[in-house]
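Data first, discussion second: the structure below is written as structure tokens.
The values are calculated or read from the model by the stated rules, or taken from the named source; none is laboratory data. Being a predicted model, the structure only gives us computed values, none of them experimental. Don't worry about glycine lacking a Cβ; one is built from the backbone with ideal geometry, like all the others, and counts go over all protein chains shown.
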Amino acid sequence: MGITNARSAVLEVLLPLLLTLTSRVLRTKTGRDQSRGPPEVPKEIANDYLESVSVLPDSPKAAAALGRRCLQNILRSVAGVRPGNLADEIQQVISSGNLPSDLSESIDAIRNIGNFAAHPMKSQHSSEVLDVEAGEAEWTLDVLEALFDFYFVRPAKLRERRDALNKKLSEAGKPAMK
């Protein structure tokens with residue numbers, strides 16, 4: 001066995017272990033799996049989310065700003081809002097009545113927390129700049145994950161299950177689901 005073959009064999013064994021360990025370390029550091037988002041989420045949306053997760057331990061402010069960007073991308077590309085400022089886009093999706101109430105009540109938090117990240121706002125009491133706290137940045141990620149579930153994960157699972165049942169119904173000579 002040549003050196004190249006030996007290296008390939010070692011890499012073949014060690015690479016999956018390294019990826020697993022890396023994923024565990026990242027998950028331990030933030031409590032979230034940074035190695036990938038849900039496979040149903042488009043890459044351009046998942047990338048902002050994953051970057052937000054990765055910077056959260058070091059910069060909640062950066063995580064919140066990226067979460068805000070991710071929300072705007074979801075609203076424009078999936079929810080079909082007319083592009084404008086984020087507050088108006090959020091109002092459009094809330095007014096549509098298409099979101100579950102828990103999401104409707106939470107998505108504006110991403111905008112507000114993101115605004116603390118993007119704009120130096122001072123406390124009216126102490127005149128200190130109000131920073132984004134880790135728990136607030138975590139909330140933006142929680143809401144994004146719920147939006148991923150609503151817009152991408154659940155519809156994909158439903159399609160998969162409907163397709164399987166319709167195939168079975170077809171095999172039985174029955175009409176497809178309504």
Set R154, R111: member being under 27 Å from L66 (Cβ atoms), in contact with a helix residue (DSSP H, G or I) (Cβ under 6 Å, 6 or more places away or on another chain) and not aliphatic (A, V, I, L, M): R111
Being in the same structural domain as R154 (by TED's automatic domain parsing), under 14 Å from the mean Cα position of the chain (by Cα) and among the acidic types (D, E) narrows it down to one of E128, E133, E40, E89, so name that one. E40
Name the residue that is farthest from the chain's Cα centre (by Cα), counting only residues in the range 97-125 that are assigned to a helix (DSSP H, G or I) and farther than 16 Å from A63 by Cβ. S101
Set E138, E171: member being under 30 Å from C70 (Cβ atoms), of a type in the set (D, E) and out of contact with any helix residue (DSSP H, G or I) (no Cβ under 6 Å at 6 or more places or on another chain): E138
Could you please give the count of residues in the range 44-86 that are within 12 Å of E138 (Cα to Cα), without any contact (Cβ under 8 Å) to a residue 12 or more places away in the chain and part of a helix (DSSP H, G or I)? 1
Kindly indicate whether F148 is in contact with an Asp or Glu (Cβ under 8 Å, 6 or more places away or on another chain) and within 10 Å of A64 (Cβ to Cβ). no
